[in-house]
Amino acid sequence: MDILNPKIPVLNRYIGCDILGVYLNENELTRDLIGADVPITEVKLDLARHLMTACSASCGTNPQGDTRFISTPAGWTVGLLNHDRWADDWDDFMLGFLPAHPLSSSKWF
């Protein structure tokens, strides 16, 4: 992964059980960004759109995703439903992150 400016803060908001194991891929992304000293705020949401710390293995265990329905039926079923739903309750948090971290601030460059 190429990081062009490691000083710019990142907000990573995602649903725990999403289609094709996105959750595990997001965890990998977060680890890579932390390893590169990128300031990151991570918001992991469960099925009810509440904060969570871990996802069920029934949603998939392959960080690169899995395209086979038979290997992760819960990940496909629940994940497909989750993938199409936006976490409206978190819009204010997400939109508040942007003005709190303006790109025009000299500390990011």
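The values are calculated or read from the model by the stated rules, or taken from the named source; none is laboratory data. What you are looking at is a predicted structure, and each value in this text was computed from that prediction instead of being measured. Every residue, glycine as well, gets a Cβ built from its backbone with ideal geometry; the counts of neighbours run over all protein chains shown.
With respect to THR41, is the statement that it is surrounded by fewer than 16 Cβ atoms within 10 Å (Cβ to Cβ), at pLDDT 85 or above and under 11 Å from the mean Cα position of the chain (by Cα) true? So THR41 passes the test.
Take the residues in region 1-35 that are assigned to a loop (DSSP other than H, G, I, E, B) and of a type in the set (A, V, I, L, M), then tell me which one is modelled with the lowest pLDDT. The selected residue is MET1.
Considering only residues in region 50-77 that are in a loop (DSSP other than H, G, I, E, B) and among the aliphatic types (A, V, I, L, M), the one that is surrounded by the most Cβ atoms within 10 Å (Cβ to Cβ) turns out to be MET52.
Looking at the structure I just gave you, is PRO9 touching a residue at least 60 places away in the same chain (Cβ under 8 Å) and over 11 Å from the mean Cα position of the chain (by Cα)?
yes
Being out of contact with any helix residue (DSSP H, G or I) (no Cβ under 9 Å at 6 or more places or on another chain) and in a helix (DSSP H, G or I) is a property that does not hold for LEU80. Just a yes or no: is a residue in region 27-36 in contact with a Ser or Thr (Cβ under 6 Å, 6 or more places away or on another chain) and hydrophobic (A, V, I, L, M, F, W, C)? So far as region 27-36 goes, no, none of its residues is in contact with a Ser or Thr (Cβ under 6 Å, 6 or more places away or on another chain) and hydrophobic (A, V, I, L, M, F, W, C).
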